[in-house]
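Here is the structure we will look at.
The values are calculated or read from the model by the stated rules, or taken from the named source; none is laboratory data. Everything numeric in this text was worked out from a predicted model, so none of it was measured. Because the Cβ atoms are built from the backbone with ideal geometry, glycine has one as well, and the counts that use them run over all protein chains shown.
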Amino acid sequence: MEHSPGFLALVADARRRIREVAVADVERMRAAGAPVELIDVREEEEWRRGHLPGARHLCKGIIERDIEQAVPDHDAHLVLYCGGGFRSALAADALQKMGYTRAESMDGGWRAWTAAGLPVVREP
């Protein structure tokens, strides 16, 4: 997908302030049962096509509105992901501004996760 220069500049700016984690690190955390909240920020139709095991869905359009009810602990470890890591970087930046101290973005997003052959949940 071709992204506009303005969008890419916005993402690059957010990436200067957030922490990105590799797909392999997220899988290790998930497999070990580490206390991490996996949050899928993709759109509803993307979520329905498949998502990470144990993830919850709070799309980019509503995450700021709903995060404090979904995850009231501002020190919780949050790993956000989207299709390729751009929207999740923006969302992680916004959550940090809201006081979430451990909001991270999964580098490469859903595409990197599935390319690595890692487990997914598909809705029937």
Considering residues that are among the charged types (D, E, K, R) and either touching a residue at least 60 places away in the same chain (Cβ under 8 Å) or assigned to a helix (DSSP H, G or I) (or both), the number found within segment 28-38 is 2
Picked from segment 42-69 (must be in contact with a Cys (Cβ under 8 Å, 6 or more places away or on another chain) and over 24 Å from Ala31 (Cβ atoms)), the residue surrounded by the most Cβ atoms within 10 Å (Cβ to Cβ) is Lys60
Within segment 39-57, residues touching a Phe, Trp or Tyr at 6+ places or on another chain (Cβ under 8 Å), closer than 21 Å to Lys97 by Cβ and either without any contact (Cβ under 8 Å) to a residue 24 or more places away in the chain or part of a strand (DSSP E or B) (or both) come out as Ile39, Asp40
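Look at Pro72 and say whether it is touching a strand residue (DSSP E or B) at 6+ places or on another chain (Cβ under 9 Å) and loosely packed, with under 14 Cβ neighbours inside 10 Å. Write out each step before concluding.
Numbers: touching a strand residue (DSSP E or B) at 6+ places or on another chain (Cβ under 9 Å): no; loosely packed, with under 14 Cβ neighbours inside 10 Å: yes.
In short, no.
Residue-wise test of (1) in a loop (DSSP other than H, G, I, E, B); (2) over 18 Å from Thr114 (Cβ atoms); (3) touching a Leu at 6+ places or on another chain (Cβ under 9 Å); (4) among the hydrophobic types (A, V, I, L, M, F, W, C).
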residue	(1), (2), (3), (4)
Cys59	yes, yes, no, yes
Asp66	no, yes, yes, no
Ser88	no, no, yes, no
Ala91	no, yes, yes, yes
Ala94	no, yes, no, yes
Considering residues that are touching a helix residue (DSSP H, G or I) at 6+ places or on another chain (Cβ under 9 Å), of a type in the set (A, V, I, L, M), under 22 Å from Gly61 (Cα atoms) and in a loop (DSSP other than H, G, I, E, B), the number found within segment 1-22 is 1
Only one of Ala70, Ala91 is more than 20 Å from Glu45 (Cβ to Cβ) and either in contact with a Lys or Arg (Cβ under 6 Å, 6 or more places away or on another chain) or modelled with pLDDT of 95 or more (or both), namely Ala70
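Looking for whichever is over 13 Å from the mean Cα position of the chain (by Cα), part of a loop (DSSP other than H, G, I, E, B) and more than 26 Å from Pro124 (Cα to Cα) here; the options are Asp25, Asp75. Which one fits? Steps first, answer last, please.
Working: Asp25 fails: part of a loop (DSSP other than H, G, I, E, B).
Answer to the selection: Asp75.
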